[in-house]
1. Please compare each pair in LYS6/LYS50; LYS18/LYS68; LYS18/LYS65 to a cut-off of 24 Å on the Cα-Cα distance and tell me which ones are over it.
2. Kindly state, to the nearest 0.05, the FRET efficiency for LYS12 paired with ASP46, given R0 = 30 Å and r defined as their beta-carbon distance.
3. Quick one: order ILE24, ILE66, ILE14 by neighbouring beta-carbon count within 10 Å, fewest to most.
4. What residues have an amide H closer than 5 Å to that of PHE13, excluding those fewer than 5 places away on the same chain, when H is modeled at 1.01 Å from N in the peptide plane?
Amino acid sequence: MYKCLKCGNTYKFIGLVKEEGNAIIYQNPDENKDMDRLSWAIKTSDGKWKSSHNVSRCFYCNSTKILKMQ
């Protein structure tokens with residue numbers, strides 16, 4: 001859990017998420033035939049899926065003073 005030290009936010013933050021692993025990917029085009037808009041569904045195919053995240057700033061006040069709480 002994280003907390004912004006400037007405004008007290010504990011709900012929403014900006015950061016980076018990385019995911020890696022084997023997956024089955026389904027692509028569903030938009031019903032209006034707009035090729036710029038697709039919906040995606042991803043299902044992990046095995047137990048080798050890895051993910052990590054890094055919180056960089058508060059969504060509300062943009063502060064980078066974020067405390068990682070245990």
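Just so you know, all these numbers are worked out from the coordinates, no wet-lab data involved. Here the structure is a predicted model, which means the values were calculated and not measured. Heads up, the Cβs are rebuilt from the backbone with ideal geometry, glycines too, and the neighbour counts pull from every protein chain shown.
1. LYS6/LYS50
2. Working: r = 32 Å, r/R0 = 1.06.
The calculated FRET efficiency here is 0.40.
3. Ranked by crowding around the Cβ, least crowded first: ILE24, ILE14, ILE66.
4. PHE59
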